[in-house]
Amino acid sequence: MTRGIGGRAGAGGRDLTNVYLAAAVLAVLVLLQATLLARVRVLGVAPNLLLVAVVAWSLLHGIEEGLLWGFIGGLGVDLVAGMPLGASSLALMVVCFLGSIGRTTVFPGNLTLPIFVVALATPVHGWIILLIEAVAGTPVNWVTDTVRVIGPELLLNAALTIPVYPLLSGLRRAGGRKTEL
């Protein structure tokens with residue numbers, strides 16, 4: 001059982017300092033996504049920092065922790081951004097399973113894999129959100145939204161992976177965990 005600086009071990013030997021650090025990082029990501037990044041437009045769309053972080057977290061910490069981040073982060077974004085409650089959580093939790101691609105990789109430490117997984121996750125996430133909107137009665141033009149929104153967002157999210165993945169990997173090492181990717 002390990003203890004961090006000023007941290008106490010919780011149930012199951014988990015260092016509470018790491019839990020608090022992860023919760024703080026997730027809260028900052030949700031606030032950045034729902035406030036600042038919602039207003040930033042590049043190529044006509046906003047980057048999805050939370051999607052990139054959830055996929056990166058899933059690659060670094062496993063699907064279980066990624067699902068937790070996706071659920072909590074998605075609820076936070078839905079509450080702050082006024083989306084249907086649970087829509088973002090559902091979409092983010094589904095893309096966590098793409099993180100299993102990287103758990104058995106033969107290229108540890110390679111940034112190419114996280115970029116590839118984020119590129120796969122972006123359209124899956126976008127189509128789930130579109131499906132939820134369609135079920136809720138909002139008119140959806142699948143082809144137009146895919147080309148004009150999801151396509152450019154894929155490029156932005158892939159680029160955003162370049163700084164986000166190493167930062168989260170660094171937090172993992174600072175928390176005392178060995179990075180497997």
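Summary of computed values
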quantity	calculated
Contacts under 6 angstrom Cβ, first residue in region 155-172 being of a type in the set (A, V, I, L, M, F, W, C), partner part of a helix (DSSP H, G or I) and surrounded by fewer than 20 Cβ atoms within 10 Å (Cβ to Cβ), 6 or more apart	Ala158/Ile115; Ala158/Ala119
All positions within region 113-151 that are more than 19 Å from Ser88 (Cβ to Cβ), touching a residue at least 40 places away in the same chain (Cβ under 8 Å) and not basic (Lys, Arg)	Leu113, Pro114, Ile115
Any pair with Cβ under 9 angstrom, 6 or more apart, that starts in region 38-51 at a residue that is at positive phi and ends at one that is among the aliphatic types (A, V, I, L, M)	Leu43/Leu155; Leu43/Leu156; Gly44/Val149
Evaluation of Leu90 against (1) in contact (Cβ under 8 Å) with a residue 24 or more places away in the chain; (2) at positive phi (one fails), failing number	(2)
Index of the failed condition, Leu168 passing every other in (1) at pLDDT below 95; (2) more than 15 Å from the chain's Cα centre (by Cα)	(2)
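The values are calculated or read from the model by the stated rules, or taken from the named source; none is laboratory data. Just so you know, these numbers come straight off a predicted model, no measurement behind them. Glycine also receives a Cβ, built like all others from the backbone with ideal geometry; neighbour counts cover every protein chain displayed.
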